[in-house]
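So the structure is just underneath, and the comments pick up after that.
The values are calculated or read from the model by the stated rules, or taken from the named source; none is laboratory data. Since we're looking at a predicted model, the values are computed, not measured. Note that each Cβ is placed from the backbone with ideal geometry, even for glycine, and that neighbours are counted across all protein chains shown.
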Amino acid sequence: MLNSPTLVLNRSWVAISTTSVRTALALVYKRVARVIQPETYQTHDLDSWSDLRVEPGDPCIRTVRLEIPVPEVILLTRHNHMPRRQVPFSRRNLYRRDGNCCQFCGRRFPTHELSIDHVIPRSRGGRTNWENCVLACIPCNVRKGSRLPAEANIALLRPATAPRWSPCLTVNVGRRRASWEKFVSEQYWNVSLEED
Ligand SMILES: [Zn+2]
């Protein structure tokens, strides 16, 4: 139960992340977040949340003395207390970051016409990470070969960096709690996920 997920909203009530129930309770205990009761939108500190009666069948955490309802959604009340989860470096996320566009010519291609290019070639010590991998179309990839961009007289449209979006809202869709729906509906998905 303590490892099950809790949705995290920023101060503008925009879903930015998920965390474990354990971490959520710690954040509420430290008074940097409040628990949201999804039905009423009421927010609670740990005291008032623990005072809520646990209905039979509702998920709860039992301690020696009390039963605490599982916090399914929390609201951050301060800045910068939620470390942004790193976006996993995966093929899927790389294609998403680059929007299926070749990072040299800027044109969009179907997935099978793109490959992952090491900006600094692996043969020259280039790493396989967000900062050194970009999508490239076949002509650009051939043109560049295993050279540095400058050597091939080709340039990146923008530096490669790790994406800043939160992956949890775009993956694991099937693992959302029902109470999250109103907070992660289409309108929430379309809000740009900037740090507040
Ligand atoms: Zn290209």
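Points worth noting:
- Selection within region 7-28 - at pLDDT 90 or above and not hydrophobic (A, V, I, L, M, F, W, C): R22, T23
- Residues in region 142-163 that are under 21 Å from F89 (Cα atoms) and within 10 Å of the ligand (Cβ to nearest atom): L157 only.
- Only residues that are out of contact with any His (no Cβ under 9 Å at 6 or more places or on another chain) and of a type in the set (A, V, I, L, M, F, W, C) were counted across region 1-42, and they come to 13.
- For region 99-132, a residue qualifies if it is hydrophobic (A, V, I, L, M, F, W, C) and within 15 Å of the ligand (Cβ to nearest atom), and the qualifying residues are C101, C102, F104, C105, F109, L114, I116, V119.
- Candidates R85, R31, R92, R127 - the one that is outside any helix (DSSP H, G or I) and modelled with pLDDT under 90: R85
- Any hit, region 173-193, residues being within 26 Å of the chain's Cα centre (by Cα), of a type outside the set (K, R) and modelled with pLDDT of 95 or more: no
- The residue that is farthest from P163 (Cα to Cα), among those in region 92-150 that are aliphatic (A, V, I, L, M) and in contact with a Ser or Thr (Cβ under 8 Å, 6 or more places away or on another chain), is I138.
- Only one of the listed residues (R96, R124) is charged (D, E, K, R) and closer than 29 Å to V184 by Cβ. That residue is R96.
Okay, residues lined up against (1) among the hydroxyl-bearing types (S, T, Y); (2) crowded, with 19+ Cβ neighbours inside 10 Å; (3) in contact (Cβ under 8 Å) with a residue 60 or more places away in the chain:
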{"site": "V21", "(1), (2), (3)": "no, yes, no"}
{"site": "H44", "(1), (2), (3)": "no, yes, no"}
{"site": "V70", "(1), (2), (3)": "no, yes, yes"}
{"site": "R92", "(1), (2), (3)": "no, no, no"}
{"site": "R107", "(1), (2), (3)": "no, no, no"}
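- Some residue of region 51-58 being more than 17 Å from the chain's Cα centre (by Cα) and either surrounded by 14 or more Cβ atoms within 10 Å (Cβ to Cβ) or among the aromatic types (F, W, Y) (or both): yes
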